[in-house]
C-alpha cells in the first residue's frame, strides 16, 4: 500500500542522497583499483522533524505504524521549492518524447518555467530524479535532460513533469526508524531514515 505524507509535517532538516552500489576490488602494486556497479543504485533520505501539536503527534504515530517496518510506502516530497525553476506563474513542463525504461536522458517540453539547471530535482508519477548535466536547449521550448537514476518505468510523451514539488516514493530503511520520544508528553524531535521504494512499478 502507498500513502501520501501528511501536509502538517515539514522537516527541520533533510538529506536526500544517492545510495550507490559501487564495489571495489583490491589495489594493485601500482595503486590502481578497479570499480564496478552491478546496478545504478537508489535514493536514500534522512529527515528530522519537530512535533509540537496533538495533530502532528497523531499523524506521526499513524504514519509510522502504516509504514509497517518498510512493508508499505509513502509518497513524500523533498522540500526543495527554493531551487525549483519557478517564475511566479505555475510551472508547465511535460515529456516532449516517449521515455524508455532505464533511460537516462529525457526530452522536456517547457511551456512555462524558469531556467532548468543541473542539480534540480524533478519527478514523474512520484518517481524522483535529479538533473546531472546542463540541459541542452533544442529551441522551441524543447530541452534534452540527462538525469539520475535511470527511469524506473517507460512513460509516454505528454506525461507531466513535476518540478515545483518533486516527490519520491519511499519506505522505511530500518524498521526501528521513526521512534518518537516525547518531552513533557507532547513535544518531540523524531527522525526518519527512508529509502526509495519500488512498490507500484
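The values are calculated or read from the model by the stated rules, or taken from the named source; none is laboratory data. Given the structure is predicted, the values throughout are model-derived calculations rather than measurements. Using ideal geometry, Cβ is built from the backbone for each residue, glycine included, and neighbour counts are taken over all protein chains shown.
If you go through the range 73-112 and keep only what is in a loop (DSSP other than H, G, I, E, B) and within 26 Å of residue 11 (Cα to Cα), you end up with 78, 79, 80, 84, 85, 86, 87, 88, 89, 90, 91. What are the residues in the range 71-101 that are at positive phi and modelled with pLDDT under 95, if any? Correct list: 88 only. Filtering the range 117-131 to residues that are in a loop (DSSP other than H, G, I, E, B), surrounded by 14 or more Cβ atoms within 10 Å (Cβ to Cβ) and free of Cβ contacts under 8 Å to residues at least 40 places away in the same chain leaves only 125.
Restricted to the range 4-39, and to residues there that are more than 15 Å from the chain's Cα centre (by Cα) and under 20 Å from residue 201 (Cβ atoms), the residue that is modelled with the lowest pLDDT is 38.
Residues in the range 85-102 that are surrounded by fewer than 14 Cβ atoms within 10 Å (Cβ to Cβ) and either under 14 Å from residue 150 (Cα atoms) or touching a residue at least 60 places away in the same chain (Cβ under 8 Å) (or both): 90, 101, 102.
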